[in-house]
Protein chains: 2
Amino acid sequence: MSWQPLLRKYQEFLPINEQTPILSLHEGNTPLIEAKQLSKELGIRLFLKFEGMNPTGSFKDRGMVLAVTKALEEGNKTVICASTGNTSAAASAYAASAGMDSIVVIPDANIALGKLAQALTYGAKVISIKGNFDDALDIVREISKQEAYTLVNSVNPYRIEGQKTAAFEIVDELGFAPDYLAIPVGNAGNITAYWKGFKEYKEAGKMSSLPKMLGFEAEGAAALVKGEPILHPETIATAIRIGRPASWNGAMNAVQESQGVIDSVTDDEILEAYQLVARKEGVFVEPGSAASLAGIFKKWREGYLPKGSTVVSVLTGHGLKDPNIAVQTVNTKPTIVENNYDAVLQAIQSLTERG
Amino acid sequence: MSWQPLLRKYQEFLPINEQTPILSLHEGNTPLIEAKQLSKELGIRLFLKFEGMNPTGSFKDRGMVLAVTKALEEGNKTVICASTGNTSAAASAYAASAGMDSIVVIPDANIALGKLAQALTYGAKVISIKGNFDDALDIVREISKQEAYTLVNSVNPYRIEGQKTAAFEIVDELGFAPDYLAIPVGNAGNITAYWKGFKEYKEAGKMSSLPKMLGFEAEGAAALVKGEPILHPETIATAIRIGRPASWNGAMNAVQESQGVIDSVTDDEILEAYQLVARKEGVFVEPGSAASLAGIFKKWREGYLPKGSTVVSVLTGHGLKDPNIAVQTVNTKPTIVENNYDAVLQAIQSLTERG
């Protein structure tokens, strides 16, 4: 077959060997889309790394395929995590594919069942505790210490190892490293993983220069920018609504070593980028994903990005993950007209301003 | 770059040339996933062609990229369609990417705004008429005849030309044609396209034998099985809820020439397959997609599929397209327990039956 599983393709950079029983749902190998219209408008070479095209719809699949593969290799039969979103979807999908059980522990407050639709469909056993998210995480950490359960939350080191493969793919596709890599920052594991990937690929002689890392938090959850944890993070971009990033040091290290930037963007800026990338490039992303693009626009306005530079925007999840936001933010509603040719044609001409 | 646009890759089989201004959102190149657990249980070699991993989440992208590319080549600035679902999403995404306008005309009755979230986000102008779907289709056909608007509903012949590339990919991946190709049948364009693709690839010497085509309609919309249009089609699988298939002759021809089968499956059978493929293989599909797998189970129970035969199940759309169905059909709800270690551990042991 022409296609190679992600873990096999980059095996030499990963903690696996020929005997490892690797899993695959055809994660990775996501498109690097040239943003033709935005590139022209900004005067840069802008590429979109669309991670929403992973099998469960987010970048989490890259780390999870390795975490669950290692659990399988070690003989464990159950993976466990505390999550209300993309992590639980990825964990339960790979567990299903491995014939393993998956346990998802969630806080009971205000969890929309829709957010769990994916995990439940993949067969996860979902336990809701009368407590908050930190309680849920504490309990699953404790359980994973004492029993034959593998914890697959971001404290699992294989997650970052798997996620770094996205950096490899960008370099393989371009033939070189971009000048700038812009990425949304929530828990900060992904920026840590990309930087690790770029450095390892350079050491292996696959590229000659490193990109500057540009990390963008949502303003209401900008712990790294403010230099302290945010007790009650708030942003429309739920995927990065995290006030106490687990990979704090990894993220700050990536920014400092690469001479990059950590900055924040407002919800309005995120929603503007979210709509622009759909309307100008045909790419529909999760709101949190648009933080990287909103950050690029902000830095461009500040004159930070030299003309002609190559910039990659990491778009972490698919827009179908959060259809409600789409409905809420779209400011054009259907135009209602009579059931005849003339009425429709007139409406078209008025809407497209060519009447 | 290592990656080739779909239209370029299969250019020799498509109505384009080197000068055609081809579009791409990295459609196609979708995974052919080996269904390990189901293969073992059924005693066949079962592969899942997961078309939900196209950029807008359904197989429609393959035909639409060609239809919009040809509209662009011909100098048109606007594409138009009547659709409440996947077609409008694909049309508006490629129009956005080409810098063209997209017009979507819909009937006003009972259209959930959520179904249009994708098209609206991609920037489609949506016009709702006080009439039914057939009225909408009649009007857009008429408008596309008289003005500089390209109709991209399934009557556009480029749709089937683009869709046939999925058959090429299956043969390229396996190295040969499967013994059986199972596919959901709604409007019947896709089964027509696959059969055209297989025959053309065989003529070009890329394969030696042709598959038997197995088409499956939903029982409440089984026009081809019953031999007459269904006036009021009903099924939970909205993507194939079509009572008057546009490619009627193409579908029946595919089944007859290949000595295959056209059959129907019930909504219960569809939902069972929908849940099984998520739980056993980690693949989350749109309910309509599961009709092909439900059909394979039915034919297996009837003893129709020889042991060891190679069977490909076409899964046409991503589960995230219809999260409400997931929530409604999942029969396990979260287990609610107290906020402590012992309560959670006890719940886990009881849920996984290893207590």
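Taking the criterion of being more than 14 Å from B:Ala67 (Cβ to Cβ) and open to solvent by 10 Å² or more (accessible area, probe 1.4 Å), the residues of the stretch B:87-102 that qualify are B:Gly99, B:Asp101. Go through the stretch B:117-141 and report how many residues are more than 7 Å from chain A (Cβ to nearest Cβ) and either open to solvent by less than 10 Å² (accessible area, probe 1.4 Å) or at pLDDT 90 or above (or both). Count: 7. The one condition from (1) touching a helix residue (DSSP H, G or I) at 6+ places or on another chain (Cβ under 6 Å); (2) in the same structural domain as A:Gly197 (by the TED database) that A:Gln256 does not meet is (1).
Taken together, the criteria exclude B:Ile348 from residues that are assigned to a strand (DSSP E or B), without any contact (Cβ under 8 Å) to a residue 12 or more places away in the chain and either within 9 Å of chain A (Cβ to nearest Cβ) or not small (Gly, Ala, Ser) (or both).
Does B:Gln275 qualify as being within 14 Å of chain A (Cβ to nearest Cβ) and under 29 Å from B:Glu41 (Cβ atoms)? Yes, satisfied. Do we find that B:Glu228 is open to solvent by 70 Å² or more (accessible area, probe 1.4 Å) and either under 18 Å from the mean Cα position of the chain (by Cα) or touching a residue at least 12 places away in the same chain (Cβ under 8 Å) (or both) in this structure? No.
Put simply, of A:Leu276, A:Leu271, A:Leu293 the only residue that is assigned to a helix (DSSP H, G or I) and either crowded, with 24+ Cβ neighbours inside 10 Å or at pLDDT below 95 (or both) is A:Leu293.
Which one of B:Phe176, B:Phe216 is open to solvent by 50 Å² or more (accessible area, probe 1.4 Å), of a type in the set (A, V, I, L, M, F, W, C) and at pLDDT 95 or above? Of B:Phe176, B:Phe216, the one residue that is open to solvent by 50 Å² or more (accessible area, probe 1.4 Å), of a type in the set (A, V, I, L, M, F, W, C) and at pLDDT 95 or above is B:Phe176.
For the criterion of being among the aromatic types (Phe, Trp, Tyr), farther than 30 Å from A:Phe176 by Cβ and outside the structural domain of A:Gly114 (by the TED database), A:Tyr304 fails. The condition (being more than 27 Å from B:Leu14 (Cβ to Cβ) and either more than 7 Å from chain A (Cβ to nearest Cβ) or open to solvent by less than 30 Å² (accessible area, probe 1.4 Å) (or both)) is satisfied by just one residue among B:Gln163, B:Gln146: B:Gln146.
Annotation: of all residues in the stretch B:9-22 being part of a helix (DSSP H, G or I) and surrounded by 14 or more Cβ atoms within 10 Å (Cβ to Cβ), the one that is nearest to the other protein chains (Cβ to nearest Cβ) is B:Lys9. Against the condition under 30 Å from B:Glu12 (Cα atoms) and among the aliphatic types (A, V, I, L, M), how does B:Ala278 come out, does it pass? So B:Ala278 does not fit the description; no.
Conditions (1) farther than 20 Å from A:Asn153 by Cα; (2) in contact with a Lys or Arg (Cβ under 9 Å, 6 or more places away or on another chain), marked per residue:
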{"site": "A:Gln19", "(1), (2)": "yes, no"}
{"site": "A:Ser39", "(1), (2)": "yes, yes"}
{"site": "A:Arg45", "(1), (2)": "yes, no"}
{"site": "A:Gly63", "(1), (2)": "no, yes"}
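Against the numbered list (1) in the same structural domain as B:Thr316 (by the TED database); (2) on the phi > 0 side of the Ramachandran plot, B:Gly99 comes up short only at (1). The criterion of being under 29 Å from the mean Cα position of the chain (by Cα), farther than 30 Å from B:Ile191 by Cα and within 9 Å of another protein chain (Cβ to nearest Cβ) holds for B:Thr332. If the condition is being within 20 Å of A:Ile242 (Cα to Cα) and touching a Phe, Trp or Tyr at 6+ places or on another chain (Cβ under 7 Å), then the stretch A:168-212 contributes A:Ala182, A:Ile183, A:Pro184, A:Val185, A:Ala188, A:Asn190.
May I ask you to say which residue of B:Glu234, B:Glu281, B:Glu217, B:Glu286 is under 20 Å from B:Ser83 (Cβ atoms) and within 14 Å of another protein chain (Cβ to nearest Cβ)? Residue meeting the stated conditions: B:Glu286.
Has the stretch A:237-256 got at least one residue that is aromatic (Phe, Trp, Tyr) and assigned to a loop (DSSP other than H, G, I, E, B)? Taking every residue of the stretch A:237-256 in turn, none turns out to be aromatic (Phe, Trp, Tyr) and assigned to a loop (DSSP other than H, G, I, E, B). Here is the figure for the stretch B:66-81: residues that are more than 10 Å from chain A (Cβ to nearest Cβ) and either open to solvent by 10 Å² or more (accessible area, probe 1.4 Å) or under 20 Å from the mean Cα position of the chain (by Cα) (or both) total 9. Among the residues making up the stretch B:82-116, those that are touching a Lys or Arg at 6+ places or on another chain (Cβ under 6 Å) and facing chain A (nearest Cβ under 7 Å) are B:Ala96, B:Ile103, B:Asp108. Being open to solvent by 20 Å² or more (accessible area, probe 1.4 Å) and in contact with a Gly (Cβ under 9 Å, 6 or more places away or on another chain) is the filter here; which residues of the stretch A:323-344 pass it? Residues satisfying the conditions are A:Pro323, A:Asn324, A:Val327, A:Thr332, A:Glu338, A:Asn339, A:Asn340. Among strands (runs of 3 or more DSSP E) lying entirely in the stretch B:25-94, which contain 1 or more residues that are modelled with pLDDT of 95 or more and not assigned by the TED database to the domain that holds B:Glu169? Of the strands (runs of 3 or more DSSP E) lying wholly inside the stretch B:25-94, those with at least 1 residues that are modelled with pLDDT of 95 or more and not assigned by the TED database to the domain that holds B:Glu169 span B:78-82.
The values are calculated or read from the model by the stated rules, or taken from the named source; none is laboratory data. Just so you know, these numbers come straight off a predicted model, no measurement behind them. In this analysis, Cβ positions are derived from the backbone assuming ideal geometry, glycine residues included, and neighbour counts consider all displayed protein chains. To get the accessible areas, we keep the full protein, side chains included, count just its heavy atoms, and leave off ligands, DNA and RNA. Shrake-Rupley method; radii C 1.70, N 1.55, O 1.52, S 1.80 Å.
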